[in-house]
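**Q** Sharing a structure, written as structure tokens. Questions coming.
The values are calculated or read from the model by the stated rules, or taken from the named source; none is laboratory data. Being a predicted model, the structure only gives us computed values, none of them experimental. Glycine gets a Cβ as well: all are built from the backbone with ideal geometry, and neighbour counts include every protein chain shown.
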Amino acid sequence: MAKTTKTNTPKVIADPIYGIIDIRPVLKMVETEEFQVLGDKRQLGMAYLTFPSATHTRKAHSLGAYHATRELADRWLKRGFVKTAQADALAGCALYHDIGHPAFSHVTENLCVQPKGTAGMSMNSALSFELIKKLKTNIEACGIDFALLEKMARHADPLVAAVSDKNLGMEKLDYLERDGFFTILSRPVGVDYLRQHIYFIDGKLAIDEKAIDNALDVQNYYLKIYKNVYLRKTSAIAQRMMQKMTYHLITAKELFREELPRLTDSELIGRCSVSKDHFVRATYALLRKRDLFREAIVLRPEKFAHAATSSGKPVATFGVKSSVMRRLARNPKLQPKNQDGIAVVEASVAALAGLPASSVLITPIEGQERFSGQDIFIYQGKNKKLASLKQRYPAHFRNIEEVAESYVTFRVCTTEKYRKVLSSPKIAKRIFEYLTEL
């Protein structure tokens with residue numbers, strides 16, 4: 001009888017973006033409970049209320065980021081940009097880059113506790129770093145140098161830009177494709193070509209000159225998806241409802257900040273459904289039937305205020321100077337991390353309108369730092385120097401910031417029952433003056 005040889009067969013999953021992904025090299029990392037629970041954490045928070053197909057998860061995104069980074073690292077290995085150990089660590093870092101995400105992703109992250117020793121890191125990076133340290137055995141079981149991956153995870157190695165760069169990182173390109181596919185049925189033009197022409201030169205990410213048009217297209221797509229998906233009015237209001245419910249669970253001592261990162265979306269929803277807190281119960285009942293809070297007062301930059309007009313709906317719209325919008329965006333009382341401050345402002349607005357404190361919901365201005373127009377380096381093959389895309393196309397970067405300004409919106413919302421009261425001219429003006437003097 002012929003002797004059979006054991007074969008290390010592929011372990012594959014089907015992915016709508018890349019087709020087939022082989023996870024055999026990182027199977028021990030994938031099989032951990034900490035990674036598997038990402039399958040019950042939606043990538044786009046509450047956006048499924050606007051886009052019913054947007055139920056894809058952090059797990060799917062992390063696997064996609066892993067696959068794209070693995071392919072990039074293999075190309076870099078052939079070109080001599082990295083060594084084998086660095087390529088493997090990069091792929092592992094991409095797989096675990098979101099492993100610490102709390103329930104509903106960015107919706108609840110500002111209610112979590114920043115882990116010790118992670119000052120300067122974003123909340124999600126810090127929470128992921130904490131879990132990565134605990135999963136050393138699983139990481140090393142995949143043949144990955146843990147010290148290299150850990151250094152990348154705390155953003156102390158410039159190579160991590162391959163995963164997390166705001167323009168060219170594999171995780172960003174993955175979520176742009178994935179989010180676009182499941183929401184507005186589109187994908188950034190030429191992103192596959194762009195991935196093929198991303199290099200690592202002098203400790204920096206750079207693109208080949210022939211991929212400049214593709215890089216510009218991806219930046220423009222970023223603006224498009226922010227406007228149509230990430231900053232969508234319905235999603236923004238639903239996310240604030242969930243965020244405020246979670247805040248109330250914490251203040252009612254029905255949930256502790258330290259346990260929040262461990263909860264999945266379903267587990268957090270479950271806590272809301274059985275809460276004894278009146279606001280949580282009432283708001284969950286609205287959310288369950290998609291009866292969301294409505295816009296009543298809207299503040300926008302004056303040259304874009306006309307775009308906020310809702311025909312036939314009781315909404316008071318105010319155009320204000322850009323400097324006032326920036327002040328509102330930076331006001332310490334209105335920062336997502338300061339839920340106590342936001343609650344005080346909401347209660348004050350309710351008092352000015354003579355409404356119950358629980359009937360007012362503010363959606364602050366968030367994410368403006370994402371539109372700063374981060375530069376991209378261009379690799380000039382002839383003289384082997386890095387050039388600046390921003391210097392070559394300054395008008396393109398000015399356009400990014402101008403278009404981004406047109407999206408800036410500060411909303412005061414309420415239930416349908418009180419919408420006409422809050423948006424009435426006299427009360428709306430009183431509240432507008434209060435907000436702009438904060």
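**Q** Please enumerate the residues belonging to segment 105-115 that are modelled with pLDDT of 95 or more and buried (at least 24 other Cβ atoms within 10 Å of the Cβ).
**A** Residue satisfying the conditions is Thr108 alone.
**Q** Hey, could you check segment 200-257 for residues that are at positive phi and of a type outside the set (Gly, Ala, Ser) and say which is surrounded by the fewest Cβ atoms within 10 Å (Cβ to Cβ)?
**A** Within segment 200-257, the match that is surrounded by the fewest Cβ atoms within 10 Å (Cβ to Cβ) is Lys253.
**Q** Follow-up question, since we're still on this one. Only one residue in Ser275, Ser266 is over 30 Å from Asp174 (Cα atoms), of a type in the set (S, T, N, Q) and either at pLDDT below 95 or in contact with an Asp or Glu (Cβ under 8 Å, 6 or more places away or on another chain) (or both). Which one?
**A** Within the list Ser275, Ser266, the selection yields Ser275.
**Q** If I go through segment 188-205 residue by residue, how many of them are assigned to a loop (DSSP other than H, G, I, E, B) and either of a type in the set (S, T, N, Q) or in contact (Cβ under 8 Å) with a residue 24 or more places away in the chain (or both)?
**A** The total comes to 5.
**Q** Assess whether Lys303 counts as being out of contact with any helix residue (DSSP H, G or I) (no Cβ under 8 Å at 6 or more places or on another chain) and part of a helix (DSSP H, G or I).
**A** On the way: out of contact with any helix residue (DSSP H, G or I) (no Cβ under 8 Å at 6 or more places or on another chain): yes; part of a helix (DSSP H, G or I): yes.
So Lys303 fits the description; yes.
This table checks each residue for (1) more than 30 Å from Arg257 (Cβ to Cβ); (2) surrounded by fewer than 16 Cβ atoms within 10 Å (Cβ to Cβ).
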residue: Val345; (1), (2): no, no
residue: Pro356; (1), (2): no, yes
residue: Glu401; (1), (2): yes, yes
residue: Thr409; (1), (2): no, no
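**Q** How many of the residues in segment 18-73 are of a type in the set (Lys, Arg), crowded, with 19+ Cβ neighbours inside 10 Å and without any contact (Cβ under 8 Å) to a residue 60 or more places away in the chain? Break it down stepwise before answering.
**A** Let us first name the residues in segment 18-73 that are of a type in the set (Lys, Arg), namely 24, 28, 41-42, 58-59, 70.
If we keep only those that are crowded, with 19+ Cβ neighbours inside 10 Å too, we end up with 41-42, 58-59, 70.
Filter once more, so that each one left must be without any contact (Cβ under 8 Å) to a residue 60 or more places away in the chain: 58-59, 70.
The number of residues fulfilling the criteria is 3.
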